[in-house]
Amino acid sequence: MKLDARDKLVLFALVFIAILFSCLFYLDLNRKINIGDREVIGSIHFKNNIIQRKFEDEVIWERLNNNSPLTNRDTIRSESFSDAIIRLKDGTEINIDENSMFNLDLTGESPNLEFSQGSLQIKKGSSDDHHILITSGGQEINVRSGDVKLEKAEKQNLSLFVERGNTTIKDGGKEVKVSGGKKAEFKSTGLEIKKIPALLISPSSQKLILSQSTETSILFQWKLEDEFYNPTIEISRSPNFQLTLIKEKVSGDQASFRLREGTYYWRILVTSKQTNEKDVSDTGKFFVSKDEPLKIESPEPGRVFSYVNLPPLIGLRWNLIPTIKSYRVEISSDSQFQNITKNLNTDSNQISFDDLQEGKYFVRVIGISAFSETKDKESPSTFFSIQKLSSYPSLKWMRPGNSSEISKEELSLGKAILIWDGNPEYNSYQLQIARDTSFKNTLLNEVVPSNFYTLNPGVLKEETYNARILGKTSDGKTSEWSEILNFKITNEKTKVEEKEVSSSDTYLEILSPSSRIVQMKGKSSLDFEWKASGDFDRFDIVIYQHSGEKKSAIYKSSTKTNKYKLTNLNILDEGSFSWDITGIKNGASVLSRKGNFILALDQLKSLKPNDIEFISPKRIYR
């Protein structure tokens with residue numbers, strides 16, 4: 001059936017409207033909502049996996065990070081296998097478990113927490129001046145001080161555990177006081193208050209246990225009330241104990257079990273001596289995490305940063321530890337850190353600055369633990385120097401190597417790339433290519449904005465060429481010419497006779513990416529590949545990003561195969577990179593190889609202007 005002009009116009013209009021509103025919906029769904037003038041009442045002190053927030057006047061749920069501010073009347077929820085520690089400005093701590101949701105309204109003299117589902121714990125200070133009124137399904141719970149736990153599974157009644165302090169419950173128009181060591185269950189027949197049959201002693205609630213290995217022995221301790229006996233310990237990965245790992249009858253008041261990393265919940269099941277009925281303690285929660293040392297990854301010890309007019313941009317990077325909520329960077333002019341030059345705070349595992357003068361500096365990083373009972377971590381110190389030069393140094397060639405061969409196939413595929421080390425003080429580079437080493441008759445004399453250049457197959461023939469490069473500043477100053485790079489264009493690369501490798505020989509060879517531009521448009525991963533022979537236990541891969549003279553490690557991982565697929569593309573940006581692959585055997589490095597590549601990113605990150613806030617440095621180099 002053929003469409004006339006009017007039908008085509010209507011069809012085009014409908015398609016256009018569908019596309020327009022789809023784009024608007026996508027933008028609204030992914031936008032970051034600005035806090036604006038909303039009242040900040042606290043922050044996420046520690047989170048595990050996915051915690052979300054919805055503003056009172058919005059319908060979109062937004063993911064939260066460590067130290068994300070919370071505002072009045074926010075609704076907070078957690079996904080499966082997710083939990084968080086929330087600290088309010090008045091010192092109140094709220095611990096939210098998985099699949100839980102609540103709304104917090106601190107307006108007026110009676111702060112209100114509306115609890116919808118899941119389980120959470122509230123730790124209130126000893127002061128009775130301020131209290132929290134908890135509402136849930138028509139019930140009111142007034143917490144003046146102490147620790148209380150709330151549990152409300154789907155299609156089940158609300159349960160309240162008062163670990164310490166005093167709490168008042170309003171039920172059926174009557175007020176009932178619940179003291180520490182008791183629990184209240186809101187049943188259809190009415191409110192039932194009774195003793196918590198077992199006091200959980202260790203691990204204490206919300207405790208972080210650091211492990212030196214993949215498994216660690218955990219000591220569980222409790223105290224039974226006199227009228228209960230026959231204890232059974234239950235340990236689970238979920239607060240509702242649907243995924244029970246351990247359920248064992250125990251004797252006495254303690255038991256030990258070996259556990260791996262993760263979040264755990266535990267309780268004691270008992271039997272009443274009077275009624276012979278089963279009863280249960282409240283639920284304890286603790287974390288097991290690997291005790292990772294805090295280490296500075298870049299700059300490498302003794303690194304010298306040079307400049308002429310513009311102080312260099314220095315980037316510090318260290319390993320990210322999940323149980324650390326923030327980091328403090330200390331830079332000193334002495335190794336004992338008696339004379340602190342800079343004191344910087346950040347939530348990230350990297351920071352940059354460009355306001356240090358010439359001299360030698362020592363740096364260390366202190367990780368502030370998200371858990372009050374756990375000590376802060378301190379990295380070993382490292383040092384770097386800043387050197388002011390009277391003239392701009394000559395640039396150095398990175399790729400290809402001197403006297404290298406470049407095939408015509410590489411030229412036609414755009415893989416013939418000249419790369420040199422850049423410098424943020426230069427805003428452009430002058431590249432010259434000639435047959436003679438005196439450069440009297442240049443075949444190419446071009447000013448380029450970046451520290452790499454793709455050779456044009458229409459200009460170069462099967463001959464030997466020479467290249468040199470100099471840097472140019474915005475005020476017209478230049479560096480010295482670089483050393484001459486000699487390379488040859490060939491129809492095919494000379495085949496190097498390969499030696500037969502026996503099973504006992506060991507070698508390692510970079511395959512991809514190496515000395516080429518990688519187009520990332522439409523790709524969901526960056527693929528690394530190498531050849532190896534030998535009895536390696538594993539391969540360690542490290543990826544570095546280059547910015548002028550700065551080389552920063554941005555990613556580390558290990559694999560037992562000869563391939564690696566990097567799927568976290570958010571760590572990448574456009575520009576020059578290098579990577580190391582190291583073969584490890586018996587815990588020691590056997591062989592290591594390096595590769596270089598350049599990323600071209602048409603659309604890799606979905607960042608929007610509202611997502612970005614520039615804090616440091618004051619100058620940004622591209």
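The values are calculated or read from the model by the stated rules, or taken from the named source; none is laboratory data. Treat the numbers as computed from the prediction; the structure is a model and nothing was measured. Don't worry about glycine lacking a Cβ; one is built from the backbone with ideal geometry, like all the others, and counts go over all protein chains shown. To get the accessible areas, we keep the full protein, side chains included, count just its heavy atoms, and leave off ligands, DNA and RNA. Shrake-Rupley method; radii C 1.70, N 1.55, O 1.52, S 1.80 Å.
For Cα extents along the principal axes in Å, which listed value, (i) 92, 56, 47; (ii) 96, 68, 38; (iii) 103, 76, 59, comes from the coordinates shown? From the options (i) 92, 56, 47; (ii) 96, 68, 38; (iii) 103, 76, 59, the structure gives (iii). If R0 is taken as 22 Å, the Cβ-Cβ distance between residue 345 and residue 320 corresponds to a FRET efficiency of 0.90. Between the Cα long axis of helix 5-30 and the first principal axis of the chain there is an angle of about 70°, rounded to the nearest 10. Need one word for the stretch 402-453: rounded, prolate or oblate. Basis is the Cα gyration tensor (sqrt eigenvalues a ≥ b ≥ c); a/c below 1.5 gives rounded, then a/b vs b/c decides. Oblate, since a/c reaches 1.5 and b/c is not below a/b.
The modelled label-to-label distance for the pair residue 256/residue 275, using points 7 Å beyond Cα in the direction of Cβ, is 3.7 nm.
Here is the list for the stretch 429-463: trypsin sites (Lys or Arg not before Pro) lying in DSSP coil, each with at most 11 other C-beta atoms within 10 angstrom of its C-beta, are 440, 461. Put a plus charge on the Cβ of each Lys and Arg, a minus charge on the Cβ of each Asp and Glu, and nothing anywhere else: the dipole of the chain about its Cα centre is then about 600 debye. What shape does the stretch 204-324 take by its C-alpha gyration tensor, where a ≥ b ≥ c are the square roots of the eigenvalues and a/c under 1.5 counts as rounded, a/b above b/c as prolate, and the rest as oblate? In terms of gyration-tensor shape, prolate. Only bridges whose two residues both fall in the stretch 59-209 count here: according to DSSP, what percent of them are antiparallel, nearest 5? Percent antiparallel among DSSP bridges in the stretch 59-209 is about 95.
The stretch between residue 246 and residue 525, if pulled fully straight at 0.36 nm per residue, gains 96.5 nm over its current Cα-Cα span. Only the Cβ atoms of Lys and Arg (+1) and of Asp and Glu (-1) were treated as charged; on that basis the dipole of the stretch 136-240 about its Cα centre amounts to roughly 260 debye. Ordering 359, 44, 85 by the projection of their Cα atoms onto the charge dipole of the chain, which places +1 on the Cβ of Lys and Arg and -1 on the Cβ of Asp and Glu, puts 359 at the extreme positive end. Annotation for the stretch 144-233: GluC sites (Glu not before Pro) lying in DSSP loop with at most 14 further Cβ atoms inside 10 Å of their Cβ are 154, 215, 227.
Charged side chains reduced to their Cβ positions (Lys and Arg at +1, Asp and Glu at -1) give the stretch 193-303 a dipole of some 120 debye around its Cα centre.
The Cβ shell under 11 Å around residue 464 holds other residues with a net charge of -1, Lys and Arg each +1, Asp and Glu each -1. Ranking 172, 156, 245 by how far each Cα lies toward the positive end of the dipole of the stretch 145-300 (charges on Cβ) leaves 172 at the top. Among DSSP beta bridges whose residues both lie in the chain, state the antiparallel percentage, nearest 5. Antiparallel bridges: around 90 percent, rounded to the nearest 5.
How many percent of the accessible area of the chain is carbon or sulfur, using a 1.4 Å probe? Accessible surface attributable to carbon and sulfur in the chain totals 47 percent.
Ligands, DNA and RNA are left out, and with a 1.4 angstrom probe the accessible area of the stretch 202-320 is 48 Å² per residue. Kindly list the residues of the stretch 232-259 that lie in the label zone of residue 212, defined by a backbone N under 17 Å from the point 7 Å along the Cα-to-C-beta vector. Backbone N within reach: 258-259.
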